[in-house]
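Right, one structure below, let's go through it.
The values are calculated or read from the model by the stated rules, or taken from the named source; none is laboratory data. Values in this document were obtained by computation on a predicted structure and should not be read as measured data. Every residue, glycine as well, gets a Cβ built from its backbone with ideal geometry; the counts of neighbours run over all protein chains shown.
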Amino acid sequence: MAQKKMTLEELRKLREEKRHSVQVRDTEGKTIQVTVGMGTSGIAAGAKETLQTLVAELAKHELTNVRVRQSGGLGLEHAEPTIEVRVPKMPAVIYGRVTPDVVRRIVNHHIIGRELVDEHIYDRPAADILDAGDHPIVNGE
Amino acid sequence: MPYASFCLVCRGTACESSKADTLYDEIKQHVAANGLNDQVQVLRTGCFGFCEQGPIVKVLPDEAFYVQVVPEDAEELVHEHLLKGRPVERLIYREPGVHALGNIDQISFYQKQFRVALRNCGFIDPENIEEYIAREGYVALERVLFEMSADDVIKELEISGLRGRGGGGFPTWKKWKFTKDAQSDQKYIVLNADEGDPGAYMDRSMLEGDPHSMIESMAIAGYTVGADTGYVYVRAEYPLAIKRLRTAIAQAEEYGLLGDNILGSGFSFRIEIRLGAGAFVCGEETALLLSIQGERGMPVQRPPYPAVKGLWGKPTVINNVETMANIPVIIMRGGAWFAKIGTETSKGTKVFALTGNVRNSGLIEVPMGIKLREIVYNIGGGIPGDKKFKAVQSGGPSGGMISYENLDTEIDYETLTALGSMMGSGGLIVMDEDNSMVDVARFYLDFTVDESCGKCVPCRVGGRQILHLLEKISKGEGTMEDIQRIEEIGKTMKETSLCGLGKTAPNPALSALRYFRDEFHEKIPAEVREDAV
Ligand SMILES: Cc1cc2nc3c(=O)[nH]c(=O)nc-3n(C[C@H](O)[C@H](O)[C@H](O)COP(=O)(O)O)c2cc1C
């Protein structure tokens, strides 16, 4: 807090800079969910870096409608680090071997561009499961 | 580097007294020890409201709602949840049909609530101005200083229908307009944070959880009426609130949101804190102003009202903490938005401290017009031990009882007054079949007799007489005339007392008589009872 008396512009700039850091806490209006597999083996495979990069990338693009969650292993230990991405009206997808570089691509192509990042998909539920409509996040919007 | 997880530890006074401070330190330590410092932000926030279940820890964005967490749980919580992503099931709050993981909004305590005044409590770190700024803090001040005239602000308040939350329910816009229109070289803004009702802690929680909203609102009021100085009058018994206010004022000065030429607008405003010694009567506005002036806190005749002749004889706006907490939202979202909430005559929400014989006690904020039944049974979870509901005491020592037949009343200023109670500042005490209404009335009269300043006769003598009669009846020595005398003295006190304290002091006794007269009769020995009827 090295601030000295702010001008109106400085206050607005500060608010813009900080807004995201508070908004990510909010759970309202979050329609997209990304879950990072943070089991012991996932962490060993680098899930922490994946998570950090994910959060940084979301902040960079000011994507406040994305809810980031952590869970235990997602069941695809051979392909860790893994993340699951659920975007409304798109199939829920589990990506594997998600290095920081891959996570950036997922944010840019899947979450922003609404296009799957094919070469890293390790699990995709069948269309009928997807339709079951049991997931409020998927049905949300 | 932005954080991925947030661990919010409630640090209201209630949680603090059950070791939330040690808990916070422990969590911090374990987060550091597990190398999570750059991923998990541990925050001290204001009260979450659900004090019954404290200390409470919320992990976001996972929405894990942990209750009754003790310092010894910190290691497991950090290692399991924050490191490994496995929520600690045994600490997750549960109630029938709800398992509070990923669905905090389904907890019945929060379901019917709507947070306007408490919007930031339990969500931001009250000791960090940047958290407040990030959550639209000082946007309203910005707008007022650069885009609105004083009349625009008053107009917006008028449209909103906001009325004072300190008890009286006076329209806020009128008060501000009187002071704005008054001609004077000096005007003042005073924040009434005295909160003396037994059982009430709404204002304390707002000061502790969101002090910057007070600073912002006082500055807005200053700009609107043409005042450059504000005083916060807060009781010395609220040390945490005072500390957070001090921190907030210092930060606002440092950032140029208080002081000279705020944000280059040409408007200057400063705020000072004045500590009260905890006398109930000093919450009454004229007594409060004298107390700030360093004189003995005794009410004086109104008019003139403080809006015209207040602190050191200068026009003064005096508002309650909760009233002020609504101001930035009204400016940001518009008076029309606010006016959509509530009833015809009472707009917006009300914060209540729900206590007594109810399962979920705590701090709640509900839209005006909610039914008392919803508060007691949905939010409050009903009466413990499946006892029968008897009454709710609203409005503290100035209010009265609301009985079972009136549970479906939609509560607002007018309906409560019609029932012989009052909104007051917002204490709600639930009583079950085991509570004696004679004793409840006696408790409140004991309080007001103690707190009467003694200046006017009806209050000084009348209160003591009613108390004496209640004690007599309670001991089984009363007569039917005693009951009548309580009503007569009560009526006189209401009509002739100098200030609100004496005018309302008989209310608990009168309303107990109105709804539970039988209980008084039962206490009167049979031989005397027959004589008199
Ligand atoms: C005995 C007595 C005690 C009072 N105590 C308080 C109090 O603790 N806090 C408060 O805000 N108003 C209290 N009031 C009401 C104030 O006199 C005044 O109406 C209020 O501060 C105005 O603010 P508002 O218009 O925002 O409600 C009390 C009134 C009386 C008669």
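Return only the number of the condition from (1) outside any loop (DSSP other than H, G, I, E, B); (2) surrounded by fewer than 20 Cβ atoms within 10 Å (Cβ to Cβ); (3) within 7 Å of chain B (Cβ to nearest Cβ) that A:K5 does not satisfy.
(1)
Return yes when B:V190 is of a type in the set (A, V, I, L, M), within 16 Å of the ligand (Cβ to nearest atom) and either surrounded by fewer than 23 Cβ atoms within 10 Å (Cβ to Cβ) or within 17 Å of B:I262 (Cβ to Cβ) (or both) and no when it is not.
no
Checking the conditions here, which among B:V225, B:V232 is within 16 Å of the ligand (Cβ to nearest atom), crowded, with 18+ Cβ neighbours inside 10 Å, closer than 30 Å to B:C459 by Cβ and away from chain A (no Cβ under 14 Å)?
Values: B:V225 fails: closer than 30 Å to B:C459 by Cβ.
One residue alone meets the criteria, B:V232.
Starting from the stretch B:200-222, keep only residues that are without any contact (Cβ under 8 Å) to a residue 40 or more places away in the chain, then list their pairs with residues that are within 12 Å of the ligand (Cβ to nearest atom) and not in a helix (DSSP H, G or I) whose Cβ atoms are within a distance under 7 Å, requiring at least 6 positions of separation or different chains.
none
Before we move on, is B:L141 more than 28 Å from B:I375 (Cα to Cα), within 14 Å of another protein chain (Cβ to nearest Cβ) and of a type in the set (A, V, I, L, M)?
Against the criterion (more than 28 Å from B:I375 (Cα to Cα), within 14 Å of another protein chain (Cβ to nearest Cβ) and of a type in the set (A, V, I, L, M)), B:L141 qualifies.
Restrict the check to the stretch A:10-25 and report whether at least one residue is touching a helix residue (DSSP H, G or I) at 6+ places or on another chain (Cβ under 7 Å) and part of a loop (DSSP other than H, G, I, E, B). Can you show your working first?
Filtering the stretch A:10-25 for residues touching a helix residue (DSSP H, G or I) at 6+ places or on another chain (Cβ under 7 Å) gives A:11, A:14-15, A:18-22.
Adding the requirement that they be part of a loop (DSSP other than H, G, I, E, B) leaves none.
No - not one qualifying residue is present in the stretch A:10-25.
Taking only the stretch B:290-328 into account, find how many residues are closer than 30 Å to B:I364 by Cα and assigned to a helix (DSSP H, G or I). Give the derivation first.
Residues of the stretch B:290-328 that are closer than 30 Å to B:I364 by Cα, as a first pass: B:317-328.
Remaining after also requiring assigned to a helix (DSSP H, G or I): B:321-328.
So the answer is 8.
Of a type in the set (V, I, T) and more than 29 Å from B:C282 (Cα to Cα) - does that describe any residue in the stretch B:489-496? Even if it seems obvious, please write down each step before you answer.
Here is the first cut: in the stretch B:489-496, the residues of a type in the set (V, I, T) are B:489, B:492, B:496.
Okay, now just the ones that are also more than 29 Å from B:C282 (Cα to Cα), so none.
Looking for residues that are of a type in the set (V, I, T) and more than 29 Å from B:C282 (Cα to Cα), one finds none in the stretch B:489-496, hence no.
Can you pull out the residues in the stretch B:1-58 that are of a type in the set (K, R) and either farther than 17 Å from B:L91 by Cα or part of a strand (DSSP E or B) (or both)? If you could, list the steps in order and put the result at the bottom.
The initial filter retains those residues of the stretch B:1-58 that are of a type in the set (K, R), namely B:11, B:19, B:28, B:44, B:58.
Answer for the stretch B:1-58, where residues must be of a type in the set (K, R) and either farther than 17 Å from B:L91 by Cα or part of a strand (DSSP E or B) (or both): B:R11, B:K28, B:R44, B:K58.
Return the residue satisfying two criteria in turn: it lies in the stretch B:459-505 and is among the basic types (K, R) and away from the ligand (no atom under 16 Å from the Cβ), and of such residues it is nearest to B:S436 (Cα to Cα).
Of the residues in the stretch B:459-505, the ones among the basic types (K, R) are B:460, B:464, B:472, B:475, B:485, B:491, B:494, B:503.
Retained after the next criterion (residues that are away from the ligand (no atom under 16 Å from the Cβ)): B:464, B:472, B:475, B:485, B:491.
On the way: B:R464: 20, B:K472: 14, B:K475: 12, B:R485: 20, B:K491: 23 Å.
Filtering the stretch B:459-505 for residues that are among the basic types (K, R) and away from the ligand (no atom under 16 Å from the Cβ), the one nearest to B:S436 (Cα to Cα) comes out as B:K475.
Please go through the stretch B:470-494 and pick out each residue that is acidic (D, E) and either in a helix (DSSP H, G or I) or crowded, with 16+ Cβ neighbours inside 10 Å (or both). Can you show your working first?
Within the stretch B:470-494, the subset acidic (D, E) is B:471, B:477, B:481-482, B:487-488.
Answer for the stretch B:470-494, where residues must be acidic (D, E) and either in a helix (DSSP H, G or I) or crowded, with 16+ Cβ neighbours inside 10 Å (or both): B:E471, B:E481, B:D482, B:E487, B:E488.
Out of curiosity, is B:I331 in a helix (DSSP H, G or I), within 11 Å of the ligand (Cβ to nearest atom) and of a type in the set (A, V, I, L, M, F, W, C)? So that I can check it myself, show each step before the final result.
Numbers: in a helix (DSSP H, G or I): yes; within 11 Å of the ligand (Cβ to nearest atom): no; of a type in the set (A, V, I, L, M, F, W, C): yes.
So B:I331 fails the test.
I need every pair where a residue in the stretch B:160-177 that is more than 7 Å from the ligand (Cβ to nearest atom) has its Cβ under 6 Å from the Cβ of a residue that is part of a helix (DSSP H, G or I) and among the charged types (D, E, K, R), sequence separation at least 6 or different chains.
Here the result reads B:W173/B:E158, each pair linking the stretch B:160-177 to a residue that is part of a helix (DSSP H, G or I) and among the charged types (D, E, K, R).
Of the residues that sit in the stretch B:506-533 and are part of a loop (DSSP other than H, G, I, E, B) and touching a helix residue (DSSP H, G or I) at 6+ places or on another chain (Cβ under 8 Å), which one is nearest to the ligand (Cβ to nearest atom)?
First pass over the stretch B:506-533, keeping only residues part of a loop (DSSP other than H, G, I, E, B): B:506, B:524-525, B:533.
Going one step further and asking which of them are touching a helix residue (DSSP H, G or I) at 6+ places or on another chain (Cβ under 8 Å), we end up with B:506, B:524, B:533.
On the way: B:P506: 13, B:I524: 31, B:V533: 37 Å.
Filtering first and then ranking leaves B:P506.
Which residue is farthest from the chain's Cα centre (by Cα), if the candidates are limited to the stretch A:76-93 and must be part of a loop (DSSP other than H, G, I, E, B) and within 14 Å of another protein chain (Cβ to nearest Cβ)? So that I can check it myself, show each step before the final result.
Step one: list which residues in the stretch A:76-93 are part of a loop (DSSP other than H, G, I, E, B), which gives A:76, A:80-82, A:87-92.
Cutting the leftovers down to within 14 Å of another protein chain (Cβ to nearest Cβ) gives us A:80-82.
Working: A:E80: 16, A:P81: 14, A:T82: 12 Å.
Applying the filter and picking the extreme gives A:E80.
Kindly indicate the residue of the stretch A:27-51 that is within 8 Å of chain B (Cβ to nearest Cβ) and either farther than 18 Å from B:R86 by Cα or in contact with a Cys (Cβ under 9 Å, 6 or more places away or on another chain) (or both) and also surrounded by the fewest Cβ atoms within 10 Å (Cβ to Cβ) among those meeting that condition.
A:T27
Could you tell me which residue of the stretch B:195-205 is farthest from the ligand (Cβ to nearest atom), considering only residues that are within 15 Å of B:A325 (Cα to Cα) and touching a strand residue (DSSP E or B) at 6+ places or on another chain (Cβ under 6 Å)?
Step by step, filter the stretch B:195-205, then rank; the result is B:S205.
From the residues in the stretch B:78-125 that are β-branched (V, I, T) and over 19 Å from B:C7 (Cβ atoms), which one is surrounded by the most Cβ atoms within 10 Å (Cβ to Cβ)?
So in the stretch B:78-125, the residues β-branched (V, I, T) come out as B:78, B:88, B:92, B:98, B:104, B:107, B:116, B:124.
Within this subset, residues satisfying the condition of being over 19 Å from B:C7 (Cβ atoms) are B:98, B:116.
Details: B:V98: 18, B:V116: 21.
Applying the filter and picking the extreme gives B:V116.
Filtering the stretch B:21-35 down to residues that are out of contact with any Lys or Arg (no Cβ under 9 Å at 6 or more places or on another chain) and surrounded by 16 or more Cβ atoms within 10 Å (Cβ to Cβ), which residue is farthest from B:P211 (Cα to Cα)?
The initial filter retains those residues of the stretch B:21-35 that are out of contact with any Lys or Arg (no Cβ under 9 Å at 6 or more places or on another chain), namely B:22-23, B:25-34.
Those still in the list that are surrounded by 16 or more Cβ atoms within 10 Å (Cβ to Cβ) too: B:23, B:26-28, B:30-31, B:34.
Details: B:L23: 23, B:E26: 26, B:I27: 25, B:K28: 24, B:H30: 29, B:V31: 28, B:N34: 33 Å.
This residue is B:N34.
If only one of B:L258, B:L245, B:L275, B:L288 is within 29 Å of B:G46 (Cβ to Cβ), within 14 Å of another protein chain (Cβ to nearest Cβ) and at pLDDT 95 or above, which one is it? Before you say what the answer is, go through the steps one by one.
Details: B:L245 fails: within 14 Å of another protein chain (Cβ to nearest Cβ); B:L275 fails: within 14 Å of another protein chain (Cβ to nearest Cβ); B:L288 fails: within 14 Å of another protein chain (Cβ to nearest Cβ).
It is B:L258.
So A:R67 ticks every box in (1) at the interface with another protein chain (Cβ under 9 Å from one of its Cβ atoms); (2) part of a helix (DSSP H, G or I) but one. Which box is left unticked?
Result: A:R67 fails condition (2) only.
In the stretch B:328-343, how many are farther than 10 Å from B:S160 by Cα and among the β-branched types (V, I, T)?
2
Out of (1) away from the ligand (no atom under 15 Å from the Cβ); (2) polar (S, T, N, Q); (3) surrounded by 15 or more Cβ atoms within 10 Å (Cβ to Cβ), the odd one out for B:T286 is which?
(1)
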